[in-house]
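What follows is one structure encoded as structure tokens, with my remarks underneath.
The values are calculated or read from the model by the stated rules, or taken from the named source; none is laboratory data. Since we're looking at a predicted model, the values are computed, not measured. Neighbour counts run over all protein chains shown; Cβ positions are idealised from the backbone, glycine included. Areas reflect the complete protein model, heavy atoms only, side chains present, ligands, DNA and RNA absent. Shrake-Rupley method; radii C 1.70, N 1.55, O 1.52, S 1.80 Å.
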Amino acid sequence: MTDPIQPLEGLVTFDNTYARLPDGFFVPWRAEPASRPQLLKLNESLAAELGFDPDVLAAAAAEVFSGNIVPRGAEPIAQAYAGHQFGGFSPQLGDGRALLLGEVKDQQGRRLDVQLKGSGRTPFSRGGDGKAAIGPVLREYLVAEAMHALGVPTTRALAAVATGDPVYRETALPGAVLTRVASSHLRVGTFQFFAARDQRDHVEQLMHYAIDRHDPQAADSENPALALLAGVVERQALLVSRWMLLGFVHGVMNTDNSTISGETIDYGPCAFMESYDPASVYSSIDHGGRYAFGNQPKIALWNLARLAETLIPLIDSDEERAVARAKETLDGFPEAYVREQLRGSRAKLGLRTETEGDAELFQGLLELLEAAGADYTNSMRALARAAEGDTAALRSRVETNERAESLASDWITAWQARLSKEPEATSAGDRIRSVNPLYVPRNEKVEDALRAAEEGDLTPFDRLLERTTAPFERVEGFDDLTEPASPESPPYRTFCGT
Ligand code: AMP
Ligand code: MG
């Protein structure tokens, strides 16, 4: 291992603006050394976008992305945050197994965080070991990159490195570190951390920092706190509408996993729904179904209300007036959500024009899928052929019982009538194919790929990654990846013990 005191030269220009915030926002820290770091995956196109020097990277990727060596300009820190977890408030969470190295600028000049996850204990680790196992690291790598390819705002995966050290869960597992790239790691819980301690000046500093990173125009607003809140409301509404349109269940929408940037973060117990059911829950610890698929918009708004609470003193010195203005801003959520949802549902149905009744038409399709217990992704994709006149594939997916059969004929008739009013109805099939994916990271396929990876074979993982990062384009020889789990499989469960 290279001497850890010597910074690595020439990789990329790092900065760390967060490390210039006052004490209390973070703790400077070092990664636990990895004994035999080995590069599992490197996202070369993302590395290039971020301006990483390919030669330096080729020589040092495993050392850098395990945390063994620190690039020049990076200042590893563990960030402080709090959070509501399943509704209960924890005043201190923080980076218990992550370190923010700093920020780099991408080719468009956007400042992005680079963070190691699984790099060992920090002062925020509480009872945890600060580590991550290969399976969950590769899972986050895969799902984050798939989400990006699906057009969902998300943190990205830059690298996965096996540490060569064991991680103890139910059994000993190979340890790994994920390098995550994000517009920032600011969370609703970051604001809560200081608000819960009555550190109003810190909340204010955080607000300015967040505005600088995400809503620069809010700095000149008549009310910057309110303008920031409005920005987060808008981004979260867009984000959750994208999840809902894809059948994605995040699984752990705690306020510490709710970003100010509006990016999806933390792919722990997430899943893509197969049979359409708004009550779908995959997380083994979500007993009450708080984070069920259909609850996600409501929960996002609940989280935003927690953010608003922290900003009240900055919105107006008159509390009553501040609360009224915050509420008004939060009312922007349902408005933005409905707008994005409608825009997205029209696209999924192949519609380019807007007609009264489009929302109900989409709702009718969801009711049909639910009655049929049909696979969400495949049924949506089957609309493409159906728009071109061949409804057989769609029918075979949704006509699974008598009620569904009758709903299906009514729905298909109504949709075809609506499509026929489109000026360019002939291209509807291709438009549908460009938004309704063929390949999503299906739960069982992901598990199979991770199992092989844990045994040292990355071939199935690479195969799945390749298709799910070009999800709209059919490629011969990959039909197995589009198959839902067989009805005989036990219900899919995901585990937070990552
Ligand atoms: P998460 O469920 O991953 O969003 O994490 C919630 C909190 O638990 C955060 O403060 C994490 O840093 C912390 N945490 C999760 N796993 C570990 C671990 N293995 N060791 C230490 N802290 C952890
Ligand atoms: Mg988290």
*Counting only residues that are over 23 Å from Val104 (Cβ atoms) and out of contact with any helix residue (DSSP H, G or I) (no Cβ under 6 Å at 6 or more places or on another chain), which one in the stretch 208-230 is least open to solvent (accessible area, probe 1.4 Å)?*
Asn223
*Mind listing whichever residues of the stretch 222-264 are among the hydrophobic types (A, V, I, L, M, F, W, C), part of a helix (DSSP H, G or I) and within 16 Å of ligand 2 (Cβ to nearest atom)?*
Leu239
*What number of residues within the stretch 302-333 are without any contact (Cβ under 8 Å) to a residue 60 or more places away in the chain and under 19 Å from the mean Cα position of the chain (by Cα)?*
1
_Taking the condition of being open to solvent by less than 50 Å² (accessible area, probe 1.4 Å), under 21 Å from Phe89 (Cα atoms) and out of contact with any Leu (no Cβ under 9 Å at 6 or more places or on another chain), how many residues in the stretch 274-309 meet it?_
12
*Scanning for something touching a residue at least 40 places away in the same chain (Cβ under 8 Å), of a type in the set (Phe, Trp, Tyr), within 12 Å of ligand 1 (Cβ to nearest atom) and open to solvent by 10 Å² or more (accessible area, probe 1.4 Å), does the stretch 167-181 turn up at least one residue?*
no
*Consider Gln416 against the criteria (1) in contact with a helix residue (DSSP H, G or I) (Cβ under 6 Å, 6 or more places away or on another chain); (2) part of a helix (DSSP H, G or I): it satisfies all of them except one. Which criterion is unmet?*
(1)
*Could you grab the pairs with beta carbons closer than 6 Å, sequence gap of 6+ or different chains, first residue in the stretch 266-279 and closer than 13 Å to Thr494 by Cβ, second one of a type in the set (A, V, I, L, M, F, W, C) and within 12 Å of ligand 1 (Cβ to nearest atom)?*
Gly268/Val252; Gly268/Cys496; Pro269/Val252; Pro269/Cys496
*asked:* Looking at Phe333, Phe362 in this structure, which one is within 30 Å of Glu309 (Cα to Cα) and open to solvent by less than 20 Å² (accessible area, probe 1.4 Å)?
replied: Phe333
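Restricting to the stretch 57-86, and then to whatever is within 15 Å of ligand 2 (Cβ to nearest atom) and more than 15 Å from Phe194 (Cα to Cα), can you tell me which residue is surrounded by the most Cβ atoms within 10 Å (Cβ to Cβ)? Full working, then the answer.
Of the stretch 57-86, the ones within 15 Å of ligand 2 (Cβ to nearest atom) are 78-86.
Subset that is more than 15 Å from Phe194 (Cα to Cα): 78, 85-86.
Values: Ala78: 22, Gln85: 18, Phe86: 14.
Taking the candidates together, the pick is Ala78.
Residues to consider are Gly102, Gly130, Gly135, Gly118; find the one that is touching a helix residue (DSSP H, G or I) at 6+ places or on another chain (Cβ under 8 Å), away from ligand 2 (no atom under 13 Å from the Cβ), of a type outside the set (D, E, K, R) and at positive phi.
On the way: Gly130 fails: touching a helix residue (DSSP H, G or I) at 6+ places or on another chain (Cβ under 8 Å); Gly135 fails: at positive phi; Gly118 fails: away from ligand 2 (no atom under 13 Å from the Cβ).
Within the list Gly102, Gly130, Gly135, Gly118, the selection yields Gly102.
For the stretch 430-458, which residues satisfy the criterion of being surrounded by fewer than 18 Cβ atoms within 10 Å (Cβ to Cβ) and not hydrophobic (A, V, I, L, M, F, W, C)?
Asp430, Ser434, Glu444, Glu447, Asp448, Arg451, Glu454, Glu455, Gly456, Asp457
Here's the yes/no breakdown for (1) of a type in the set (D, E, K, R); (2) without any contact (Cβ under 8 Å) to a residue 40 or more places away in the chain; (3) within 13 Å of ligand 1 (Cβ to nearest atom); (4) open to solvent by 20 Å² or more (accessible area, probe 1.4 Å):
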site	(1), (2), (3), (4)
Gly88	no, yes, yes, yes
Gln92	no, no, yes, yes
Gly96	no, yes, yes, no
Lys105	yes, no, no, yes
Arg110	yes, no, no, yes
Pro123	no, no, yes, yes
*Take the residues of the stretch 146-157 that are buried (at least 22 other Cβ atoms within 10 Å of the Cβ) and assigned to a helix (DSSP H, G or I): which is nearest to the chain's Cα centre (by Cα)?*
Met147
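Looking at Arg321, Arg339, Arg343, which one is within 17 Å of Asn436 (Cβ to Cβ), open to solvent by 90 Å² or more (accessible area, probe 1.4 Å) and part of a helix (DSSP H, G or I)?
Working: Arg321 fails: within 17 Å of Asn436 (Cβ to Cβ); Arg339 fails: within 17 Å of Asn436 (Cβ to Cβ).
The match here is Arg343.
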_I'm told Pro216 meets every condition in (1) over 20 Å from Leu46 (Cβ atoms); (2) within 15 Å of ligand 2 (Cβ to nearest atom) except one. Can you identify the failing condition by its number?_
(2)
*Just for strands (runs of 3 or more DSSP E) wholly inside the stretch 48-128: which have at least 3 residues that are within 20 Å of Leu8 (Cβ to Cβ) and at pLDDT 95 or above?*
98-105, 111-117
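Between Gly151, Gly127, which is small (Gly, Ala, Ser) and free of Cβ contacts under 8 Å to residues at least 40 places away in the same chain?
On the way: Gly151 fails: free of Cβ contacts under 8 Å to residues at least 40 places away in the same chain.
Within the list Gly151, Gly127, the selection yields Gly127.
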*Determine if the stretch 130-137 includes at least one residue that is β-branched (Val, Ile, Thr), buried (at least 24 other Cβ atoms within 10 Å of the Cβ) and over 20 Å from the mean Cα position of the chain (by Cα).*
no
_So Glu424 ticks every box in (1) charged (D, E, K, R); (2) modelled with pLDDT of 95 or more; (3) farther than 30 Å from Ala162 by Cα but one. Which box is left unticked?_
(2)
*Do we have Gly73 as within 12 Å of ligand 1 (Cβ to nearest atom) and of a type in the set (Gly, Ala, Ser) here?*
no
